Amino acid sequence: MTDTKPDTAPDYAPVPESAEAVRHWLAERPSFALFIDGRWQASRDALPAIASTNPATGDLLAHIAQAGAQDVDAAVAAARRAQPAWAALSGAERARHLHRLARLVHKHARTLAVLETLDNGKPIRETRHIDIPGAVRHLTYHANQAARIDQIFPDHTPHGVAGQVIPWNFPLLMASWKIAPALACGNTVVLKPAEYTSLTALFLADLVAEAGLPAGTVNIVTGAGDTGAALVAHPGVDKVAFTGSTEVGRAIRRATAGSGKALTLELGGKSPFIVCADADLDAAVDGLMSAIWFNQGEVCCAGSRLLVEEAVAEPLVARIKARLARFRLGDPLDRTTDMGALVDRVQHERVARLVARAVAEGAAPWQPDIDCPATGCFHHPTLLTDVAPANVAAREEIFGPVLSVMTFRTDAEAAELANNTRYGLAGSVWSETGGRALALARRVKAGVVWVNCTNKLDAGVPFGGVRQSGFGREGGREGLLAYLKPRDPWHDRGDGDAAEAQGPGTETETGTAVPAGVADAAHQAVAAAAKAAPWAHSDGRTRAAALVRLAEAVDERRDALVDRLVEATGADRAAARHEVETSAARLYAYAGHAEGHEGGASLAQPGQTVLTLAEPVGVLGIVCPDAPSLVAPVSLLAPALAMGNRTVLAVSDRHAALAEDLQALLAAARLPQGVATLLTGAPGALARALAEHGEVDGVWCFASAADAAAVEAASADDLKRTWVSRGRSPDWLSPQAGDGAAFLDAATATKTLWLPHGA
Ligand code: NDP
């Protein structure tokens, strides 16, 4: 499986970073307690402590407490007590706290880098230049945002307590990435680090105390998966933010279904790295080194699938091999090391198992003949060629230093291969032809696409996925919004039962089969929507014109619609007329948004322009409130269409006459076939049929709380996006509540395109 070592391999002397200060720090803390309410507390549950080891050597570093249910309870209670006062501070005051914390992390950067390297196994070069500076950047950016949060989101308020669960691949960076936006927005936090890598989060706890953050603002509970499960299920948690595997993300979606908790999931990926024949191959190889061998490949957005145009496949692979032959694998504390150890023996075994399976399924393996320590969790950088699309190495997230190589002949084939995955986190495209690169980047279904660069991230730029890579964005405006909710609460408006939060495990209708007739009708509507894909790529002007036609259809039928509303709702004529006029006005307004809410551009870093595109979610199932209304379905349909979604609008069959009117309006607007299909039936059954459908990308459920719970639970299978009202609704007639940003945000998935152009 190996090639011979070339003569050109550089022979650097080791340049080890001293671990003296860290060993001293650890020696004083052979075992760690839990950081709750601003102080270290022994575990109430007295579960066995977890041994934290150095994966490069197997040496024991420390023991960490394993928080149980009582500990989680105490941490959430502390966060709840602290939250009102924290939220009541001025933005500037919260900014001061976060800046102090950022400065302390910066002050201890060297120690933290060494500690991270010892705990995780990644090279010191990376912890020093990426992890720790990245953590400081997140704290600083969000400190700056905290100071202006009231100006940018005047109609929003924090969720309350954020329960945050993070993985082991970027421990301190992830902790800052999660804590900073939550605090900036006025939430308090209970954070559960990964059991393999809790030490820098525990160091951070000391800094939180030193920075003078009020007790209970940040609580850190260490432990295993059960601790995370207890945290996300805790009724005192209002918002859950998770980064980790798709499997655990799915479990968390199920556990929180129907609870009313806000949820963002940043999950796995199988990101394509597309190299066209006209790419700068040397630059592409440089990029690839960072895309897949940075952090041992333990990166959610790793470019783990190389898709290379056939004409340059051979020279590109030859250059990759030449680079890998000079790779330095070994002591993570050595400043000349390129790649360190995998995080744990379990992960090493998993990677080795997946490589063996890929080879058994026909892939050809290659590894460079380079030195590899005999002990510790080291894995050779590995190249797999002859990878068929069905091979496990083309489908599964390996989360290790393993690159699968596939070839393509046309750009259409490249896009098809790139999107032939259940994931959609990131991608990168390499071509010296600007138009070609951009066109391909637009076609890759992912939350982030890098053009002629890779793994670019910034606290000010949204990051997150689509499909089974999760939902929600972290970073930038979208990342802040994920920690806020509209100030004006929605009310019970008779849209179904507005029962209080149904906790996890509550019996919902999930298990009940959807009636065959409903399932068939939903299936046909979704099939038509799937075929209407050109709508998603139509320009804003086309969509605006369609919405104007819909608005004009309402204007033309004004009197008949007023009569219908009087009959259906018992309202007086003036109220009915107001509703019809509001509906038409809303359609005209969203026609404007279709041309005005398409995204923006920023200079994220020197020489890096980032386009932030408001892309449609895809096929959206929209379950309307079970109340006789024209303005409610219009207010839901209009933003979805404006942003390029294809929609299946589910309307209660209790309001058949109004449904017929809606149907007539849609027909008059001459929307393309499949763009807006109306279904009538029982809202609950329609909601479940849509949530269970594999080709529906998102469901808005404005029906009952029970229907909301069923939709959220059913959506876990393929992790589709949901937006549920739980039996409550905005005041549809109010411009603030029924018309605006929340609807446009729900109708879009932000895609960021990074475009380097030199400083
Ligand atoms: P997990 O998804 O299991 O872990 C992520 C975090 O979730 C950890 O803090 C973990 O705790 C916690 N957790 C585990 N189970 C639950 C639960 N039921 N409820 C709440 N929290 C829970 O990832 P693993 O560490 O097990 O890694 C397995 C695979 O996942 C990797 O091989 C890789 O493929 C993928 N992965 C992807 C990541 C990404 O960013 N995309 C990050 C990490 C892993 P604990 O650490 O104690 O188990």
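Quick look at the numbers
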item	result
The lone exception for residue 116 - which of (1) modelled with pLDDT under 95; (2) surrounded by 15 or more Cβ atoms within 10 Å (Cβ to Cβ); (3) of a type in the set (D, E, K, R) it fails	(1)
Enumeration of residues in segment 445-462 that are away from the ligand (no atom under 16 Å from the Cβ), crowded, with 21+ Cβ neighbours inside 10 Å and small (Gly, Ala, Ser)	459
Options 67, 62: the member that is under 28 Å from the mean Cα position of the chain (by Cα) and open to solvent by less than 10 Å² (accessible area, probe 1.4 Å)	67
Qualifying residue in segment 15-29 (condition: buried (at least 19 other Cβ atoms within 10 Å of the Cβ) and more than 20 Å from residue 120 (Cα to Cα))	no
Answer from 406, 339 - the residue that is out of contact with any Lys or Arg (no Cβ under 6 Å at 6 or more places or on another chain), more than 13 Å from the ligand (Cβ to nearest atom), open to solvent by less than 40 Å² (accessible area, probe 1.4 Å) and more than 24 Å from residue 129 (Cβ to Cβ)	406
Unmet criterion (only one of (1) open to solvent by less than 10 Å² (accessible area, probe 1.4 Å); (2) within 16 Å of the ligand (Cβ to nearest atom)) for residue 217	(2)
Filtered residues of segment 632-664 (kept if of a type in the set (Gly, Ala, Ser), surrounded by fewer than 23 Cβ atoms within 10 Å (Cβ to Cβ) and touching a residue at least 60 places away in the same chain (Cβ under 8 Å))	657, 664
Number of the exception - residue 197 against (1) within 16 Å of the ligand (Cβ to nearest atom); (2) farther than 19 Å from residue 104 by Cβ; (3) surrounded by fewer than 24 Cβ atoms within 10 Å (Cβ to Cβ)	(3)
Flag for residue 158 being away from the ligand (no atom under 16 Å from the Cβ) and open to solvent by 10 Å² or more (accessible area, probe 1.4 Å)	yes
Subset tally (residues that are in a strand (DSSP E or B) and either closer than 30 Å to residue 376 by Cα or not aliphatic (A, V, I, L, M) (or both)) for segment 27-84	16
Only one of 92, 175, 146, 135 that is within 17 Å of residue 475 (Cβ to Cβ) and either more than 20 Å from the chain's Cα centre (by Cα) or open to solvent by 10 Å² or more (accessible area, probe 1.4 Å) (or both)	146
Residue match in segment 589-596 (condition: assigned to a helix (DSSP H, G or I) and either over 30 Å from residue 745 (Cα atoms) or hydroxyl-bearing (Ser, Thr, Tyr) (or both))	yes
Meets criteria (at pLDDT below 95 and within 16 Å of the ligand (Cβ to nearest atom)) for residue 268	yes
Residues of segment 552-592 satisfying the condition of being under 12 Å from residue 638 (Cβ atoms), of a type outside the set (Gly, Ala, Ser) and open to solvent by less than 60 Å² (accessible area, probe 1.4 Å)	554, 582, 586, 587, 590
Counted residues, segment 310-336 - those being touching a residue at least 60 places away in the same chain (Cβ under 8 Å), under 30 Å from residue 415 (Cβ atoms) and open to solvent by 30 Å² or more (accessible area, probe 1.4 Å)	3
Verdict on residue 287 being of a type in the set (Gly, Ala, Ser) and within 15 Å of residue 472 (Cα to Cα)	no
Some residue of segment 270-280 being β-branched (Val, Ile, Thr), more than 18 Å from residue 418 (Cα to Cα) and open to solvent by less than 10 Å² (accessible area, probe 1.4 Å)	no
Answer residue from segment 373-403, given it is crowded, with 20+ Cβ neighbours inside 10 Å and among the small types (Gly, Ala, Ser) and is farthest from the ligand (Cβ to nearest atom) among those	376
Filter result for the condition that a residue is under 22 Å from residue 589 (Cα atoms) and open to solvent by less than 10 Å² (accessible area, probe 1.4 Å), over 738, 698, 681, 727	738
Considering residues of segment 225-239 that are among the charged types (D, E, K, R) and away from the ligand (no atom under 11 Å from the Cβ) only, the residue most open to solvent (accessible area, probe 1.4 Å)	238
Listing of helices (runs of 4 or more DSSP H) fully contained in segment 669-757 that carry 1 or more residues being free of Cβ contacts under 8 Å to residues at least 40 places away in the same chain and within 25 Å of the chain's Cα centre (by Cα)	741-746
Segment 463-478, residues that are more than 16 Å from the ligand (Cβ to nearest atom) and open to solvent by less than 10 Å² (accessible area, probe 1.4 Å)	476
Failed condition for residue 185, given (1) closer than 24 Å to residue 478 by Cβ; (2) within 16 Å of the ligand (Cβ to nearest atom); (3) open to solvent by less than 10 Å² (accessible area, probe 1.4 Å)	(2)
Residue selected from segment 200-212 under the condition open to solvent by less than 10 Å² (accessible area, probe 1.4 Å) and more than 11 Å from the ligand (Cβ to nearest atom), by the criterion farthest from the chain's Cα centre (by Cα)	211
Failed item, numbered, when residue 245 is tested on (1) near the ligand (Cβ under 10 Å from one of its atoms); (2) within 22 Å of residue 469 (Cα to Cα); (3) open to solvent by 10 Å² or more (accessible area, probe 1.4 Å); (4) out of contact with any Leu (no Cβ under 8 Å at 6 or more places or on another chain)	(4)
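The values are calculated or read from the model by the stated rules, or taken from the named source; none is laboratory data. Keep in mind the model is a prediction, meaning the values are calculated, not measured. Note that each Cβ is placed from the backbone with ideal geometry, even for glycine, and that neighbours are counted across all protein chains shown. Calculation scope for accessible area: heavy atoms of the full protein, side chains included, ligands and nucleic acids excluded. Shrake-Rupley method; radii C 1.70, N 1.55, O 1.52, S 1.80 Å.
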